[in-house]
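Some notes on the structure that comes next.
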Amino acid sequence: MVEPDELEQKLRDAFPDATTIDIEDMTGTKDHYKAVIVSTTFEGKTRIEQHQLVYRALGDLMDGPVHALALETRVP
């Protein structure tokens, strides 16, 4: 399990220009999340490339503590 604040901080560190980073615990179990990230970093990148950047930013959290992550990534 991982706290939503920890996810948000890792994403803020990785995407300091983000205008929006919203984290929602989908099940209340702290391992199924939805993340909405709006960042200019995603400009010119495919949806897959955008999601890969997010997964890299979360690193080891994606190898266990986070079981599922629904992503919505956008450019402002």
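All of the numbers you see were taken from the coordinates with simple rules; none came from a lab. Just so you know, these numbers come straight off a predicted model, no measurement behind them. Here Cβ is always computed from backbone atoms with ideal geometry, including for glycine, and neighbour counts include all displayed protein chains.
Could you list, in sequence order, all residues of the stretch 30-55 that are basic (Lys, Arg) and more than 16 Å from residue 8 (Cβ to Cβ)? Passing the criteria: 45, 47. Give the stretch 41-76 a look and list any residue that's touching a residue at least 12 places away in the same chain (Cβ under 8 Å) and in a loop (DSSP other than H, G, I, E, B), or say none. Passing the criteria: 43, 65, 66, 67, 75, 76.
Scanning the stretch 14-23 for residues that are among the charged types (D, E, K, R) and either within 11 Å of residue 66 (Cβ to Cβ) or under 11 Å from the mean Cα position of the chain (by Cα) (or both) turns up just one, 22. One residue stands out in the stretch 50-76 among those that are within 21 Å of residue 17 (Cα to Cα) and over 13 Å from the mean Cα position of the chain (by Cα): the one that is surrounded by the most Cβ atoms within 10 Å (Cβ to Cβ), namely 75. Among the residues making up the stretch 20-33, those that are surrounded by 12 or more Cβ atoms within 10 Å (Cβ to Cβ) and outside any strand (DSSP E or B) are 26, 30, 31. Please verify whether the stretch 1-15 includes one or more residues that are surrounded by 12 or more Cβ atoms within 10 Å (Cβ to Cβ) and in a strand (DSSP E or B). Within the stretch 1-15 (the criterion being surrounded by 12 or more Cβ atoms within 10 Å (Cβ to Cβ) and in a strand (DSSP E or B)), the answer is no, since none of the residues qualifies.
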